[in-house]
Amino acid sequence: MSEGSKAKEIVLGSEFGDIAIKANGALIEVHADGSLDVHTTGSIAAYTTSDVDAYTNGAVHVHPAADDSGAVGAEPQTGPEIGDVMPAGHKQAGWIYAGISKTTHEPFYVAPKDSGIFQWKAAMVFAAKDGSRVPSQDELDQIYKAKDKGALKGTFNETGSGSAGWSWSSRGSLNSAWAQRFSDGGQTYYDKGSASSLRCVR
């Protein structure tokens, strides 16, 4: 629709099946599933986040879909890939992007290497003093699943040994805390007095 033009809007509700509309030399078929078939010798402007099939003897111009604010033609969002090291000037420079945390629902970052082997309480204290934290159970599993991506690859102890091959999460009970083995992803409660690896996150 051109700017400033007027169009007649017809609202039929959502209880109809397939509908065919013919006007001004164009035929539009609206199907019950919300899909459209458009037959016209004129131009077509389509605003959708779904796939588009076009059969035409003319040119097809594809533009970015509207963003959540409804602004058509918004630039596509770009950002780091999981495993990317944050560059100088970034607030987490040198740390590795691990995706969107399933715990905080915010971007989170992994230290480039383990901080050492600690008992659980000592791991919590060390992380806090470092200005970071011990990952949640879900975040630890996210890190495990991303361990072969980018700069994360080859930085974890994957021997499966009883200490260094396991990493602490922040999930703890009275005497135990949840840990994950990086050789195969196994998770279990470990005695807090046992020693496991610590990989800090922010």
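No value in this document is a laboratory result; all are computed from the given coordinates. Keep in mind it's a predicted model, so treat the numbers as computed, not measured. Note that each Cβ is placed from the backbone with ideal geometry, even for glycine, and that neighbours are counted across all protein chains shown.
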ask   = surrounded by 14 or more Cβ atoms within 10 Å (Cβ to Cβ), in contact with a Leu (Cβ under 7 Å, 6 or more places away or on another chain) and within 20 Å of G79 (Cβ to Cβ), is that true of A146?
value = yes
remark   = Sole miss for S136 among (1) more than 12 Å from the chain's Cα centre (by Cα); (2) buried (at least 20 other Cβ atoms within 10 Å of the Cβ); (3) of a type in the set (S, T, N, Q) is condition (2)
inquiry  = Considering only residues that are charged (D, E, K, R) and under 22 Å from T103 (Cα atoms), which ones fall in the stretch 122-162?
reply    = K129, D130, R133, D138, E139, D141, K145, K147, D148, K149
task = Report, by residue number, each residue of the stretch 134-158 that is in a helix (DSSP H, G or I) and not basic (K, R).
result = Q137, D138, E139, L140, D141, Q142, I143, Y144, G150, A151, L152
note = the stretch 159-202: strands (runs of 3 or more DSSP E) wholly inside it with 2 or more residues that are surrounded by 19 or more Cβ atoms within 10 Å (Cβ to Cβ) and in contact with a strand residue (DSSP E or B) (Cβ under 8 Å, 6 or more places away or on another chain) are 166-172, 176-181, 196-198
ask   = If you check D130, D114, which single one turns out to be surrounded by 15 or more Cβ atoms within 10 Å (Cβ to Cβ), touching a residue at least 12 places away in the same chain (Cβ under 8 Å) and acidic (D, E)?
value = D114
